[in-house]
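Colleague: Mind having a look at this structure? Questions to follow.
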Amino acid sequence: MKLIRIKAKQNMVNYKRPMCYISGETYPLPPYSTIIGMIHTACGYTEYHPMKISVQGLPYSVVSDTQTKYAGGSSKFEKGRHTAFAMCDGEKIGYTKGPGNVELITEIDLIIHIQLENELELEEVQKKLLNPVKFLALGRHEDMLNITEVKIVEAEKKEDAITKLSMYFKEDENNSKRLKGPTYKIKKVFKLDPKTKLRIFSEYFNMRYIPRNTILYDVLLDDEENVVCLI
């Protein structure tokens, strides 16, 4: 099996968890939808290209910071109720802004594997990731991605392996009850509502966030013996 492997670094990054508006909590690793969006941006895709993703990383620490938060965006601007507005289809949409907290991962090393439905597109996507049409970010718009490697690699099934980094892993019959770590409902695929322009997610996965040095059985490994869990 041929895959694209990305090695990258980030610092002071937030992979925002939904419904955490006050504390601005972050996922420990970027969700699949964020990674897929980054790949589509790099390639200049305007329509969804099916792909599977595996992500693992080493977050060093998490700190709390302050930022300006915006609420609203679903009703017409009303003076006295809203503190700011944005134009949408010629109409003022009201927002309220104020201070808030946000969690930031100080530094993180990432390894991302990408499986495409059509392996003939691997070289094209590899070139686009190395020469993107727009600067690449994971997380917030300002969370720039420092890519250190984009390589086409082979992955093969192995009887057992030990994780080198923390990762999202989907439990199966060979790896289930003995695994430790929190579970997260991770978004993958979305469509834009033509009327509201809001994202509607159609695919979610319940993933276990397992630490490095976890023993796994019957898993995929790349040429550097990195575990691959494609979703």
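Colleague: Computed FRET efficiency, Cβ-Cβ of Asp89 and Thr66, R0 25 Å: what is it to the nearest 0.05?
Modeller: 0.15
Colleague: So what's the net charge close to Asn175: Lys and Arg +1, Asp and Glu -1, counting the other residues with Cβ under 11 Å from its Cβ? Mind showing how you got there, number by number?
Modeller: Working: positive: Lys170, Lys177, Arg178, Arg208; negative: Asp160, Glu171, Asp172, Glu173, Asp218.
Result for the local shell: -1.
Colleague: Could you tell me what fraction of 2.2 N^0.38 Å the Cα radius of gyration of region 165-231 comes to, as a two-decimal ratio?
Modeller: Cα-based Rg divided by the globular estimate yields 1.40.
Colleague: A further question follows. Select from Glu142, Glu156, Glu91 the residue whose mean-square fluctuation is largest in a Gaussian network model of the chain (Cα-Cα springs shorter than 10 Å).
Modeller: Glu91
Colleague: Considering only Glu103, Glu173, Glu149, give the residue with the highest GNM mean-square fluctuation for the chain, with springs between Cα atoms whenever their separation is below 10 Å.
Modeller: Glu173
Colleague: Return, for the Cα atoms of the chain, the radius of gyration and Dmax in Å, separated by a comma.
Modeller: That works out to 19.2, 64 Å for Rg and Dmax.
Colleague: What nm value, rounded to one decimal, do you get for the distance between Arg212 and Glu124 when each label is placed 7 Å out toward the C-beta?
Modeller: Placing both labels 7 Å along Cα→Cβ, they lie 3.6 nm apart.
Colleague: Length gain on complete extension for the stretch Tyr48 to Lys97, per 0.36 nm per residue less the alpha carbon to alpha carbon distance?
Modeller: Result: 14.4 nm gained on full extension.
Colleague: From the residues Thr214, Asn226, Met144, which one has its Cα farthest along the dipole of region 140-231 in the positive direction, the dipole being from +1 and -1 charges on Cβ of Lys/Arg and Asp/Glu about the Cα centre?
Modeller: Final value for the positive-end residue is Met144.
Colleague: Lys79 to Glu149: extension gain in nm, 0.36 nm per residue of separation minus the Cα-Cα distance?
Modeller: Length gained, Lys79 through Glu149: 20.2 nm.
Colleague: Tell me, what is the percent relative contact order of the chain, built from C-alpha pairs under 8 Å that lie six or more residues apart?
Modeller: Reported as a whole number, the value is 28 percent.
Colleague: Efficiency by 1/(1 + (r/R0)^6): what FRET value for Phe135 and Lys157, r their Cβ-Cβ distance, R0 = 35 Å, to the nearest 0.05?
Modeller: Calculated transfer efficiency: 0.45.
Colleague: Using a Förster radius of 22 Å, what is the FRET efficiency between Ile200 and Glu117 based on their Cβ-Cβ separation? Nearest 0.05, please.
Modeller: Rounded to the nearest 0.05, the efficiency is 0.50.
Colleague: To the nearest 20 Debye, how big is the dipole of the chain about its Cα centre, given +1 on the beta carbon of each Lys and Arg and -1 on that of each Asp and Glu?
Modeller: Values: 34 positive and 31 negative charges, 238 e Å.
That gives the chain a dipole magnitude of about 1140 debye.
Rule-based calculations on the coordinates, nothing more; no lab input. From a predicted model like this one, the values you see are computed outputs, not experimental measurements. Because the Cβ atoms are built from the backbone with ideal geometry, glycine has one as well, and the counts that use them run over all protein chains shown.
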